[in-house]
Amino acid sequence: MKREFTNAAGDVLTVAALGADAWLVQVEGTDTSLDGALRRAPDGTYLLTRDGLTRPVQITRQGDTVWTTTARGTARWRRYEARRGSAGGAANSVSSPMTGKVVVVNVAAGDTVSAGDVLVVVEAMKMEQPLAAPRDGVVAKVSCAVGDLVDGGVDLVVLAPEEAA
Amino acid sequence: MSTATQHQAGVTGPVTRVLIANRGEIAARVARACKVLGVESVGVYSEADADARHVRMCDVAVPIGPAAAAESYLVPERILEAARRSGADAVHPGYGFLSENMAFARAVIDAGLTWIGPPPAAIGGLEGKTDAKAVAEAAGVPVAPAERLTDLSEAGLLAAAQRVGYPVLVKPEHGGGGKGMQRVDAPETLVAAVAAARRIAKAAFSSDALFLERYVERARHVEVQVIADAHGDVRHCFERECSLQRRHQKVVEEAPCAALSESERAAICESGRAFAAQVGYVGAGTVEFLFDPVRREHYFLEMNTRLQVEHPVTELVSGVDLVLTQLRVARGERLAEQPAFASAGQLRGHAVEVRVYAEDPASGYMPQVGTLARVQWPTGPFVRVDTGYDEGDAVGMHYDPMLAKVIAWGADRGEAIDRLVAALRETVIHGVVTNLPMLLDVLQRPEVRAAEVDTGSLGRWYGDKGPGLDDGPGDEGTKSGGTSGPDADAWVALAAAGHGGPWAHGGGGVSTRDAGPAPSDPWTTLSGRRFGPAGGAA
């Protein structure tokens, strides 16, 4: 199984699983590219090899939080949409935060929705990701269907503009 | 103070099954000493600690009530009932909780048990600070120049301040917590400061009685470890320095104090020993001093009549197992019969300890709770870890958030610090935010390397917040996640290991990493942002 990810810098990362505890990683970056391999040692430590050098990485998944420790220290990672949800104002649309498959579509154009209603569910890497309405409103357009493969950042549901107060 | 003969009752006796009236790392520490001595250990635990490490380490353990310490660890009757039920014949209080509660010590002795601590009279007698100062003077131990303000005329105040010596601290005689205290540097501001302090003291403590005390600039907190047997043999095990404190909470502790010359060390250690001898002390205790680095003088502060959190640094440089010695003293053994005290004490090398807390320095040291999903304590030569937590344990909200003490020894101070830095870098704690980044930052500061620290250092360097998660030393903070970002390995491994996604950094408030990801960026750093329902520490 191959998976592909892109980040802000434009780096494209491709991952191919080699069994349960080993992966091949390829990055086509804007200013870097690498071929690497990752494996999980029996004690749970991940060993990342790139440019012929192997470095340990500690990764611990705890619900919606992931902890990593490298030579740089410990970092805490959170689900990305959690940030978008609180940082964003009253957005007019919802989009998948990642590339994935649409598994549920709950609304159609013309439906009235309330903030927090789950409009679409996207699945990626066996993880279901509910996408909720950012505000109360009326659905103007649904541009996906169950089974579609969608890219991150592309609008899936658009709400009608808010009426001027 | 009472005489030495009165002190025998209850503080020596049978020690074959020791109830440890504490939790966490200190309970585990005492359980270890029991194993070394070949006696049984009895743990106690609240509902929150049913699976705790100290319960797992003790031979047997007894439940003592609800999670709240006030309903369990702090209730003398519950501890005594646990002793009865388990057939314990001795009680070790650890530190904190009931360790300096005179009534509890008396109750233990009245129940016919051996109290592994100082005579209750010594606990009570040293609680009142003015009494303790009188004892110090009687023992020939220097106290900071101080004077009760009786003549409140301008001339009287100026004369008193002149005798004490500027800068002076104006202090309410009753009350505490620093309220109403004012520093005065010169005669011009004295009268106004005294008037203000009287008003505040009157309002807060219903008494406007004040005294003046010498204010020690760049004061260093130096404390002398003492231990005495029940036969009048009082020894010191050298001194510790604990100047790196945050709001009176010690963060870094070391032994010996790097600021002292050999003769100053001999003088301050003898002061500590003399004070303990004066009060007929038995067991382990600590005599605290302020050291004035300008006048090169030490002043008595107070005596702590218990084992201290930071006792390991003393153990490493003195070769004395303090907890084991406490147990032996309680059995009535003489210090002179023990190998560590057979010859005159020798100071060996240097030891430094840091306290690893479940707290977030970047958010103003907020205590953190959670489950320790992954824990890797450091190992290796000359490194010691005293902890109450293993991987999988829960860190709750009911008790002190200290996870562990990490201690390193070196032939000299620099080597000890190098070892400690390496040990902290080896430490992995996933599941709760810790102060590890701050500890690493502190240990690598040039002032710390040069031993130029005082009790105000941490406050001056960091203010109310410290370096938090994901702000490790040497982090250039170039750009958000990705292969050229500062934590490319984490980014790549996280993605490749297939832990779902996308993920964003939610580090502390002082991370130098670049924020501002594009909306579609799956893995990115989000420094200094707290966000969303999943955000913030649990």
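Coordinate-derived values only; no laboratory data. In this text the structure is predicted, and so the values were computed from the model without any measurement. Cβ: placed from backbone, ideal geometry, glycine included. Neighbour counts: every protein chain shown.
Residue by residue along A:51-63, Cβ atoms of other protein chains within 10 Å of the local Cβ number 5 on average. Summary of the geometry: region B:229-284 and region B:361-417, compared by the centres of their Cα atoms, lie 25 Å apart. The order of B:115, B:491, A:67, going from fewest to most other C-beta atoms within 10 Å of their C-beta, is A:67, B:115, B:491. Could you work out the relative contact order of chain B? I mean the mean sequence separation of Cα pairs under 8 Å and 6+ apart, divided by the number of residues, in percent. Rounded, it is 13 percent for chain B.
The trypsin sites (Lys or Arg not before Pro) of region B:104-207 meeting both criteria, a DSSP state outside H, G, I, E and B (loop) and at most 16 other C-beta atoms within 10 angstrom of the site's C-beta, are B:179.
Cα to Cα, under 19 Å, and not fewer than 8 places away if on the same chain: which aspartates and glutamates meet these conditions relative to residue A:141? Residue A:141 reaches A:111, A:117, A:151, A:155, A:162, A:163. Once you've got the Cα coordinates, tell me which of B:179/B:250; B:133/B:171; B:179/B:465; B:179/B:202; B:250/B:465; B:35/B:405 are over 18 Å apart. Over 18 Å apart, Cα to Cα: B:179/B:250; B:179/B:465; B:35/B:405. Centroid-to-centroid, using Cα positions, region B:75-100 and region B:144-159 are 47 Å apart. Three principal axis extents describe the C-alpha atoms of region A:89-160; from largest down they are 31, 22, 17 Å. Tell me, what is the FRET efficiency for residue B:174 and residue B:379 to the nearest 0.05, using R0 = 41 angstrom and their Cβ-Cβ distance as r? My answer for the efficiency is 0.25. Among B:435, B:411, B:421, whose Cα sits farthest toward the positive end of the charge dipole of region B:401-445 (+1 at Cβ of Lys/Arg, -1 at Cβ of Asp/Glu, about the Cα centre)? Value: B:435. For residue B:46, the residues whose modelled amide H falls within less than 5 Å of its own, excluding neighbours fewer than 5 places apart on the same chain, are B:64. Here chain B is treated with +1 on each Lys and Arg Cβ and -1 on each Asp and Glu Cβ, and its dipole about the Cα centre works out to around 500 debye.
Averaging Cα coordinates gives a centre for region B:305-337 and one for region B:188-216; these two points are 41 Å apart.
Which of the three applies to chain B, rounded, prolate or oblate, going by the alpha-carbon gyration tensor with a ≥ b ≥ c and a/c under 1.5 meaning rounded? Oblate shape, in that a/c is at least 1.5 and b/c is the bigger or equal ratio. Annotation: amide H-H contacts under 5 Å for residue B:403 (H modelled 1.01 Å from N, sequence separation of 5 or more, or interchain): B:356, B:357, B:358. Here the simple spin-label model places points 7 Å from the Cα toward Cβ, and for residue A:143 and residue A:64 these points are separated by 2.7 nm.
Can you work out the FRET efficiency for the pair residue A:34 and residue B:261, with r the C-beta to C-beta distance and R0 = 35 Å, to the nearest 0.05?
On the way: r = 56 Å, r/R0 = 1.60.
So the FRET efficiency works out to roughly 0.05.
Between the listed residues B:362, B:174, B:164, the Cα displaced farthest toward the positive end of the dipole of chain B, a dipole computed from Cβ unit charges relative to the Cα centre, is found at B:174.
Which value at 222 nm does chain B reach when only helices count, each DSSP H run of 4 or more adding -39,500 (n - 2.57), with the total divided by all residues and rounded to the nearest 500 deg cm²/dmol?
Values: 17 runs with 161 residues, N = 538.
Taken over chain B, the calculation gives -8500 deg cm²/dmol.
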